[in-house]
Amino acid sequence: MVGCTHCLSESGPDGGHTDPLFRRVLWVALLVNGAMFFVEIVASAVGGSMSLQADALDFFGDAANYAISLFVLGMALSVRAKAALFKGACMGLFGLWVIGAALDRAIAGSVPDAPLMGAVAFVALIANLGVAIILYRYRDGDANMRSIWLCSRNDAIGNIAVMIAAVGVFATSSRWPDLITATLIAGLSLSAAVQIMRHALEELHREGEKSTTSIPSVATSQD
């Protein structure tokens, strides 16, 4: 909870974060995720790794999420909650796609390049740990801010999983560690999507209740 009070003290009247530092942090996260997407998508094609491909698409999704977050930063809570709802839905669809692709690769696929998997996953882990550290203080904000933190946290966990999968592929000369890891990354995305969408729906519900209760007071003031 370190930095939570400071974080809330710099929020707008409805909880919208207006800290200029947060905007710069989002830009850094956007650039890092965009760069790592290109690195991993090329490496996944060269090395034939499904888990690297899953992680690359996760980087792409996160980059898009950071761009959306920058766009809605400082807007009304209802707008930010709707943005978080959209991001949660995208994460869920990504998770389902990866599971389907992993099943297809299980039927017809080759053994991926384990050393390349491990090396790229390690670079990705360093990148994600850096982003996670600068985002840590914002993990207890609204649904939109929480979605940003969850994305970064899940990426770091996913990178460690890919590194373990690389060891498994190298030791067994089998594609199964790679496919299992891709499925686990998809599971993380689905879990985070549920949390984000639930939090966003709760915020939209509260905002709807506020709007409903404010109507009688307005009518009374006009009388």
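No lab work stands behind these numbers, since they all come straight from the coordinates. Because the structure is predicted, anything quoted here is derived from the model rather than measured. Methodologically, a virtual Cβ is constructed for each residue, glycine included, from the backbone with ideal geometry; neighbour enumeration extends over all protein chains shown.
Using the Cβ of residue 102 as centre and a radius below 11 Å, the other residues enclosed give a net charge of 0, where K and R count +1 and D and E count -1. Listed values for the range 60-69 are Karplus-derived 3J(HN,Hα) couplings in whole Hz (6.51 cos²θ - 1.76 cosθ + 1.60, θ = phi - 60°), namely 4, x, 5, 4, 5, 5, 5, 5, 5, 4, and x replaces Gly and Pro. Each residue of the range 85-96 was assigned a 3J(HN,Hα) from its phi angle through the Karplus curve 6.51 cos²θ - 1.76 cosθ + 1.60 (θ = phi - 60°); the sequence is 4, 5, 5, x, 5, 5, 4, x, 5, 4, x, 5 Hz, with glycine and proline shown as x.
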